[in-house]
Every structure is written in structure tokens, then in C-alpha cells.
Amino acid sequence: MPNYSTIQKPEMCRQFSPIAFAATLKPAPFEGVNYKRWRARVVLWLTTMNCFHASKGKPEGELTAEQEQAFQATNTLFRGAILSVLGDKIVDPFMTIMVGKDMWDALEAKFGVADAGSELYIMEQYHDYKMTDDRSIVERAHEIQSLTKELEHLNCVLPDKFIAGGIIAKLPPSWRNFSTSLKHKRQEFTVVNLIGTLDVEEKARAKDTRARFHEGNSSANLVQKRNFQTHKPKNRNYAGKGKFDGKYKAPQSVNFKKKKDTYKKKGKCHVCGSEEHWASSCKDRWDMRQNENNNKTANVVIGDVDMKDVGSQELHPC
């Protein structure tokens, strides 16, 4: 059978190096804030270095010379590791402590109690947290989850369903109907499931918003196109059938005014034949003469009555 040459990796690349891995886990120097967070990292780092058990002190009972020597080496390594991750403003009081357990207990006594104030501050942030529509709701929910994780580092563990209920209660007013629908389901939500539900709802709302935006733009373009087509372009340079020079002129508005003085009737009166008036205003019309005769008769009657009254007064003086 033919032999094919293969590339063999060096043996040193296949081996795991705890020292190199421990170097990547080394935390940043502690400056006096967020002690619980720093402590969790230091415990993981010292455990990887196989020296954290020195924080519990010297084993009880009599130790052999070899055991005593191993403990002193571990204690020295533990002390050196702790001093290397303390800030310059904090490290001086701990440099004179020669026992690793005493050094660890001093850190717990000084900074472990000091975190009680930060614990109350984080609690206040959690209670006063409000969601708004200017940012993603899912991002806001993750921030609330981060606050609860910080409380867990401070030994203040909140139930998962309590955190989920707090997220639902802190939803903005635009999500009121959605939060009410979640309450009507009457089921317990975990934080992970609730954040997934909020993500689906947020994406659906973003999709509806984009659809309404495109629909509004389409309607506006349709109205504009119709308005443009209703006005036919007027082109004086029309060259022939189906030919034009492509220059459209805006339609000009025309104001129609009635000319009173220049408009005159033409023709003759068909009653009297005069050219100065029409038959509607002619005095020789039958209805015009009838009205004139009625007016004269009424005046005569009134005049006769007056004359009779005058004559009676002269014949019969008082």
C-alpha cells in the first residue's frame, strides 16, 4: 500500500498549559469599587493557579516537613498574587500581612461591607428604571437583567419570575396593550422567554411601520401622478401629429370679468320702431299705457272728492 506523508503538529501545541491559561484570567487591579465582581474573578484566577485553598489557613494537625514546605510555598504564591491585583492606593496596608488567610479576611472585612451601599444604589436603579420608545425594548430588558445580575453578586438573589414581572411592568405606554395581553395569559414567564417574546413583537412592529411608510409613499406618488396627467401640456410649438418639442408650459389662469359699459343691445323696438330702446322698456306697450291710464283715473277721482268737500263747505258755512 502506498504511504502518504502527513503533517504532524508539534507535541507542545497539543498540551494544555495551566500557567498560560491562568495568565489570561488575571483580573485588573482592584481600585476600591465593585469588590464583589472583582472577588469572583480573583477566586477563579487563584483556583486555576491551585493556591486559593491558602485563604482557609494552615491545615489542622501536625505537618511533616514536606507538607510545611508545600504550604509555605502556596501561602507565598497566594500573597504575591493578591498583592499583584491590588491598586496602588490600596496595596500598602496589606503588604505587611504575612499570612494569606489574614490578608483575605482583611479584604473581606474592609470592602465586603462597603459594598452594602452600592447594593442599595443598584436596588434604587432597578426600582427607578423606566423604558422609553427612543431605544430598543430588548436592549432595555437586557439592562434590567444586568442590574439583577449585579445584585446576585452582592448576595441579593431575585426570583426569575419576579424579574420578568418587573420587565413587563416597566414597558412604555405604547406597549400597554401588549403587556395587558401577557397578563391575561396567566402564566409564569422566565426572563429568557420574555425577552424572546419582546424581540418577536418588536420586529413585527418595525415591519408594520416600514409597510405603512411605503404604502404612504405609494399613495402620495399616485396622487401626484394623477394630478400631473389631468393637466394636458400646452405647447405652441406643436409640429404635427405625435410630434412635440418636449417643452411644457404651465397652464395660465384666465380671469373672466363682465364688461358692463361696453356691452350694448343692438336692434329696433318692435313696438314703436325706435333704435334707442327695446320693447321691454317701450312706453307704447299696451301694459305700460294701461298702468298710466289707471294712475290718471285715480287722480281724477281723488280730485272730485276734494272739490265736493270744498263746495259743501262753501254752501253750508259754520
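With neighbours defined as other Cβ atoms within 10 Å of a residue's Cβ, the residues Met103, Met95, Met123 order from fewest to most as Met95, Met123, Met103. For the set Lys149/Lys185; Lys149/Lys183; Lys161/Lys183; Lys58/Lys101; Lys89/Lys110; Lys36/Lys170, the pairs lying more than 18 angstrom apart at their alpha carbons are Lys149/Lys185; Lys149/Lys183; Lys36/Lys170.
Backbone amide hydrogens, once placed in the peptide plane, bring Leu86 within less than 5 Å of Phe30, excluding anything fewer than 5 places away on its chain. Ranking of Phe111, Phe213 by neighbouring Cβ atoms within 10 Å, starting from the fewest: Phe213, Phe111.
Computed on the Cα atoms alone, the convex hull of the stretch 16-113 gives a volume of 103 cubic angstrom per residue.
Legend: Rg and Dmax of the stretch 71-176, from Cα coordinates, 20.3, 64 Å.
With a Förster radius of 35 Å applied to the beta-carbon distance between Ser146 and Ser174, the computed FRET efficiency rounds to 0.90.
Rounded to 0.05, the FRET efficiency of the His127 and Lys161 pair, given R0 = 22 Å and the Cβ-Cβ distance, is 0.80. Working value for the stretch 117-210: equivalent-ellipsoid semi-axes of 25, 15, 11 Å, each the square root of 5 times a Cα gyration tensor eigenvalue, largest first.
Here, each number is a calculation from the coordinates, and none is a lab measurement. Here the structure is a predicted model, which is why all the values come from computation and not from measurement. Virtual Cβ from ideal backbone geometry, glycine too; neighbours counted across all protein chains shown.
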